[in-house]
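A.B. asks: The structure that follows is given in the form of structure tokens.
The values are calculated or read from the model by the stated rules, or taken from the named source; none is laboratory data. All of these numbers come straight from a predicted model, not from anything done at the bench. With ideal geometry, Cβ positions are generated from the backbone for all residues, glycine too; neighbour counts draw on all protein chains shown. When the accessible area is computed, the model is the full protein with side chains, heavy atoms only, and any ligands, DNA or RNA have been set aside. Shrake-Rupley method; radii C 1.70, N 1.55, O 1.52, S 1.80 Å.
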Amino acid sequence: MPSALKRLLIGRPLKTAQLAEERLDKKIALAVFSSDALSSVAYATEEILYVLVLAGTAAFSFALPVAAAIVVLLIFVVISFGQTIRAYPSGGGAYIVAKDNLGNIPGLVAGAALLVDYTLTVAVSISAGIAAITSAFPHLYPDRVLLAVAAIALIAVANLRGVRASGSILAAPAYIFICSLAAVIGVGIYKLVTHSLEPALPAAPLAASEAITVFLVLRAFAAGCTALTGVEAISNGVQAFKKPEAHNARVTLYAMGAILGSLFIGVTVLARHLQIVPVAGETVVSQIARAIFDHGFFYYLVQAATAIILILAANTSFAGFPRLASFMARDRYLPVQLINQGDRLVYSNGIILLASFSALLVIGFSGDTHRLMPLYAIGVFLGFTLSQFGMVKKWLTDKEPAWLANVLISAIGGTATALVLLVITVSKFDHGAWVILLILPLLVGMSLAIKKHYDNLRTKLTLSQELEVPVPTERVVILFVGDIHKGTVAAARYAKSLHPHLIKAIHVSFDEQDAADIREKWDRWGMDIPLIITPSPYRRVTDNLLHYIREIEHQRPQAAITVILPEYICPHWWQLLLHNQTAAWIKHELLREHVAVVSVPIQLV
């Protein structure tokens, strides 16, 4: 990225010593790490109704009991992750917990599931946010994919500016959403108690396409469990909190759980009373707000706040994905570039990677939340399940105070999330859930291959007492000559300054006229360096050069060979497109050989 544009978008670099200043207090952290979980209130009830509507109006009576059961599960999961934070004060996401207690493969499965989950969280949250906007402004519906991709780009740039900067951007919209939705629920409950809240639609029975069965209710429960998504984010990002990190993280986690449970139950109660039916083009929250406030100012405020929090909910993934990727890269299961922090002390490579993948998902699924949801939930609950059972193993092994109660809480949470995972997998298998079951083994296999590469590299590069390093007895310099110009002469001067035992220049010619022209110029400007002209009827420059180098290696096995390449340096990036990049390609090929490659820059100013 050009420096001026980079500084404009991202800001000036921060010193490593400023990392402590980038830590978050509880109020800002609630916005950063809880926006995903809180925003799921906007669609969790809708997902329950989408399943129950298959059995007609009679099945709507199950909506509130299903939501209550989900809140009970939420309580267990929140308490369990609170224990995880206490046990892993440096950050204990599902990857670390599962790897430490269940082994490397379960850890990699959890890590892969979370990476997929974070990517889908961005796609789902952004798509849902754009759906809220198009509910209020239907004429924008055809542009939903473009709007979603633009939103992803904006959030990525905000996160590249740093944790504290992105948190400051998020805080106000998060609290506006909480207050506005709480106002909807408060006014709605008041009207319900005073019998002034009428159903939005006549209570006409809906035709049932399925019977009310235990499995249907379980499907509704599993669909509504999307309300739990993002709950684990705080345990992943403990080190982003101000000191005392673990205490502040736990307080924030419990606050998030209380707010999430209250809003979710409130929305479900109102949806049940108003007999809301999920329809294409308008969300359930939009229907509830319209029934309570009509199309007045507060309706549009709720829609705007919902859209913004859904879009900004993606920030939870932008906070979690790069951290998780850096943990896995530290263990050499992902490329080590993901460990590096950028100018603003954030994991910039992870942020860019997440933005790219999630944008591709939005484009591929046309911004349809319901098509993405089956893929989304599997990763969430697989990570939950492995984390919960990993904590069960830890409590059973360590037997710390109150370990039996801790085992019970984690076991109940793990069993319930495993049941949700099973129901989602079975019920949504034909709707795309099979894709996740295919992707996860591929990601695990890729991680193991990366680990094998790094282990092999470390083995080959490790110094030992038995290591014998042969000392070259002579120096050979080969100067590649593409054409004769000022840069070639500068490269020739540098080659002679090395005082090699043998120095040769080589030119690969494509025809006799070219060979004659090069020979004539070299005799004048070649500084008495012998020139070898080798014909290439198939125009393969690299092949001829490699063939000559291998001949030298065969003739002089104890020689240190250096290849010198004149290389253009253009003042503007776009000017590189005007050159054939022969030197760069030759350098790429020569790095596979046992030779040193030196570029002599030709500054084009």
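A.B. asks: Could you work out the local net charge near V279, counting Lys and Arg as +1, Asp and Glu as -1, over the other residues with Cβ closer than 13 Å to its Cβ? Could you put the intermediate results ahead of the total?
C.D. replies: Working: positive: R290; negative: E46, E282.
That sum, taken over residues with Cβ under 13 Å, equals -1.
A.B. asks: Between segment 253-306 and segment 471-521, what is the separation of their alpha carbon centroids in Å?
C.D. replies: 75 Å
A.B. asks: Taking Cα centroids, how far is segment 339-381 from segment 426-455 in Å?
C.D. replies: 16 Å
A.B. asks: A follow-up question, please. In debye to the nearest 20, how big a dipole does the chain give about its Cα centre with +1 on each Lys and Arg Cβ and -1 on each Asp and Glu Cβ?
C.D. replies: Details: 46 positive and 39 negative charges, 266 e Å.
Its charge dipole is roughly 1280 debye.
A.B. asks: Nearest 10 degrees, 0 to 90: what angle lies between the long axis of helix 163-193 and the longest principal axis of the chain (Cα atoms)?
C.D. replies: 20 degrees
A.B. asks: So which of K242/K451; K26/K394; K242/K393; K99/K399; K6/K27; K242/K394 end up more than 25 Å apart, counting from Cα to Cα?
C.D. replies: From K242/K451; K26/K394; K242/K393; K99/K399; K6/K27; K242/K394, over 25 Å: K242/K451; K26/K394; K242/K393; K6/K27; K242/K394.
A.B. asks: Can you list the HN-Hα couplings for segment 450-462, worked out from phi with the Karplus curve (6.51, -1.76, 1.60; θ = phi - 60°), rounded to whole Hz and with x for Gly and Pro?
C.D. replies: 5, 4, 4, 4, 5, 5, 5, 5, 5, 4, 6, 9, 5
A.B. asks: Determine which lysines satisfy two conditions relative to K504: a Cα distance under 29 Å, and not lying fewer than 8 residues away in the same chain.
C.D. replies: K486, K496, K521, K587
A.B. asks: Got a sec? What order do W522, W573, W403 fall in by accessible area at 1.4 Å, biggest, i.e. largest, first? Before the final figure, lay out the partial values.
C.D. replies: Working: W522 15, W573 175, W403 75 Å².
Reading off the accessible areas and sorting them downward yields W573, W403, W522.
A.B. asks: With charges set only on the Cβ (+1 for Lys and Arg, -1 for Asp and Glu), what does the dipole of segment 321-395 come to about its Cα centre, in debye to the nearest 20?
C.D. replies: Working: 7 positive and 3 negative charges, 61 e Å.
Computed charge dipole of segment 321-395: roughly 300 debye.
A.B. asks: Let me ask something else. Excluding S447 itself, calculate the net charge of residues whose Cβ lies under 12 Å from the Cβ of S447, where each Lys or Arg counts +1 and each Asp or Glu counts -1.
C.D. replies: Numbers: positive: K99, R332, K451, K452; negative: D331.
Local net charge: +3.
A.B. asks: Now for a separate question. Rounded to the nearest 500 deg cm²/dmol, what is the calculated helix-only ellipticity per residue at 222 nm for the chain, with -39500 (n - 2.57) per DSSP H run of length n ≥ 4?
C.D. replies: Details: 22 runs with 387 residues, N = 605.
It lands at -21500 deg cm²/dmol.
A.B. asks: Around L120, under 12 Å between beta carbons, what's the net of Lys plus Arg minus Asp minus Glu among the other residues?
C.D. replies: Details: positive: R371; negative: D36, D117.
Spelling it out: positives minus negatives among the neighbours equals -1.
A.B. asks: Order these peptides, 154-160, 487-493, by their mean beta-carbon neighbour count within 10 angstrom, highest first.
C.D. replies: On the way: 154-160: 22.3, 487-493: 18.6.
By packing density, highest mean first, the sequence is 154-160, 487-493.
A.B. asks: Right, another one. Taking a probe of 1.4 angstrom, what is the accessible area of R219 in Å², to the nearest 10?
C.D. replies: 50 Å²
A.B. asks: Keeping all protein chains in position, work out how much accessible area K452 exposes to a 1.4 Å probe, and write it in Å² to the nearest 10.
C.D. replies: 150 Å²
A.B. asks: Ranked from the most accessible area to the least, with a 1.4 Å probe and all protein chains present, what is the order of C225, C179, C570?
C.D. replies: Values: C225 0, C179 85, C570 25 Å².
From most accessible down to least: C179, C570, C225.
A.B. asks: Could you do me a favour and compute the accessible area per residue for segment 268-365, 1.4 Å probe, result in Å²? Walk me through the numbers before you get to the answer.
C.D. replies: Numbers: 3510 Å² over 98 residues.
Spelled out: the 1.4 Å probe surface of segment 268-365, per residue, equals 36 Å².
A.B. asks: Right, another one. Please list 3J(HN,Hα) in residue order for segment 580-593, calculated via the Karplus relation 6.51 cos²θ - 1.76 cosθ + 1.60 where θ = phi - 60°; whole Hz, with x for glycine and proline.
C.D. replies: 7, 6, 4, 4, 5, 5, 4, 4, 4, 6, 5, 5, 7, 9
A.B. asks: Using a 1.4 Å probe and ignoring any ligands, DNA or RNA, find the accessible area of E210 and quote it in Å² to the nearest 10.
C.D. replies: 70 Å²
A.B. asks: Show H501, H579, H594 ordered by accessible area, largest first, where the area counts protein heavy atoms only and the probe is 1.4 Å. Display every interim value, and only then the final one.
C.D. replies: Details: H501 115, H579 65, H594 165 Å².
Putting H501, H579, H594 in descending order of accessible area: H594, H501, H579.
A.B. asks: In addition: Would you please give the residues with an amide H less than 5 Å from that of L345, counting only those at least 5 places away or on a separate chain, with H modeled from the backbone geometry?
C.D. replies: Result for L345 returns L14.
A.B. asks: Right, here's the next one. Positive end of the charge dipole of segment 131-244 (Lys, Arg +1 and Asp, Glu -1 on Cβ, about the Cα centre): tell me which of I152, I212, P244 has its Cα farthest that way.
C.D. replies: P244
A.B. asks: Still on this structure: Tally up the carbon and sulfur contribution to the accessible surface of the chain as a whole percent, 1.4 Å probe, everything protein left in place. Present the calculation step by step, with values, prior to reporting the outcome.
C.D. replies: Numbers: 18080 of 28030 Å².
Carbon with sulfur: 65 percent of the solvent-accessible area.
A.B. asks: Whole-Hz ³J(HN,Hα) for each residue in segment 130-143, computed from phi via Karplus 6.51 cos²θ - 1.76 cosθ + 1.60 with θ = phi - 60°, x for glycine and proline: what do you get?
C.D. replies: Once rounded to whole Hz, the list reads 5, 4, 5, 5, 6, 5, 7, 10, x, 5, 8, 4, x, 9.
A.B. asks: What angle, in degrees between 0 and 90 and rounded to the nearest 10, separates the Cα long axis of helix 144-160 from the longest principal axis of the Cα atoms of the chain?
C.D. replies: 70 degrees
A.B. asks: If we sort 69-79, 142-152 on the protection proxy, mean other Cβ atoms within 10 Å, highest first, what's the order? Please list the in-between numbers first.
C.D. replies: On the way: 69-79: 20.2, 142-152: 18.6.
By packing density, highest mean first, the sequence is 69-79, 142-152.
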